[in-house]
Structure formats: C-alpha cells, structure tokens
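Just so it is clear, none of the values below were taken in a lab; they were calculated from the coordinates. This structure is a prediction, so every number in the text was calculated from the model and none was measured. For neighbour counting, all protein chains shown are included, and Cβ atoms are generated from backbone atoms with ideal geometry for every residue, glycine included.
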Amino acid sequence: MTRLGFRNALRAGRLATLPLLLLLSGCGLFTSENGPLEEARSARRRWQQAGLIDYTFDLHRTCFCTPQKIRIRVAADTIESATHVDSGQPVEPDPGIALYTIDELFDWLIGELREEPATTRVWYDPVYHFPAELYVDHRGNIVDDEVWIEIRNFQKH
C-alpha cells in the first residue's frame, strides 16, 4: 500500500481503529483476565460443585525434601488413611510429609499463588477440576525451592 493509499484507508476508517487497538492491547484488555490465581479459584468452585467428599488418590510430591508417593483415602472430606504407594505401609506422622485432601491442596495452591511465585504451572483434571499436576518455583534464581505435585489414580467412592 502506498503512502497515499494508507492515508486514504485511514481516513476511510478501515484502519482508524488500529492505533486504538494497539494502545489498548497494552492495557490488558485483550489478554485473559484468568491468571493462575483466578483459574485456581474457578477450578476449586467446579471441584466443589462436583460434591466429592469420598475419594482416593495417589499424591506424588517432589521437592528439596523427602520425595513422597502416598495413597490418600478421604472420607467425609477428611483424610481417613495414608499409605506409602510402594510398600503399602501406613504413613507415620512426620512434619516432612505433606498430606492433603483435594480441598487442602487447593488451599495450599491458592496460598502459593497469592505469593506470586516466579514460575507456576498447573494442569487441572478435565472431569473433576482438581489440580492434577502442579509446579511452583518460588524464586527463579534460587535452586531447590521448587515443588512438583502430581495427583494420580483418582477414584471417587
């Protein structure tokens, strides 16, 4: 398009909105308002709407801590039992082992997201909307503060 053609198009209104769109795009009007925190809140609402309070899942947690592979059974929205996936032995109380119901995992995730970590990746279960996999790196320039949690083998009762 020649310079004269561009001016004529601009005057004709065909491109008149382009500068406005470019300006407004920097204001976040054309980006998703559903950042990680709002996505977690929305997923939690959908999880709660499913009304599941009795379920079992395997919690795999990896961090600069004791790696965990724990089968958690939840009854009436309370942890009824926790066993090591590999051995089937009950999990003994230990401050280094984190056990969660799905609601408690949402509490933890939302708390982490409020702190605005350097990197967060969350994948939600497409059926029940719980966080099926999540990765949180609190500070991008510090080693060993990352947490990776996976929920596997989810079964409702």
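Points to keep in mind about this one:
- Calculated FRET efficiency for the pair LYS69/ARG46, C-beta based, R₀ 35 Å, to 0.05: 0.85
- Multiplying the residue separation of HIS138 and GLU116 by 0.36 nm and subtracting their alpha-carbon distance yields 7.1 nm.
- For segment 34-142, trypsin sites (Lys or Arg not before Pro) meeting the loop criterion (DSSP other than H, G, I, E, B) and having at most 12 other Cβ atoms within 10 Å: ARG139.
- Among residues other than GLN68 with Cβ under 14 Å from its Cβ, the summed charge is -1 (Lys and Arg +1, Asp and Glu -1).
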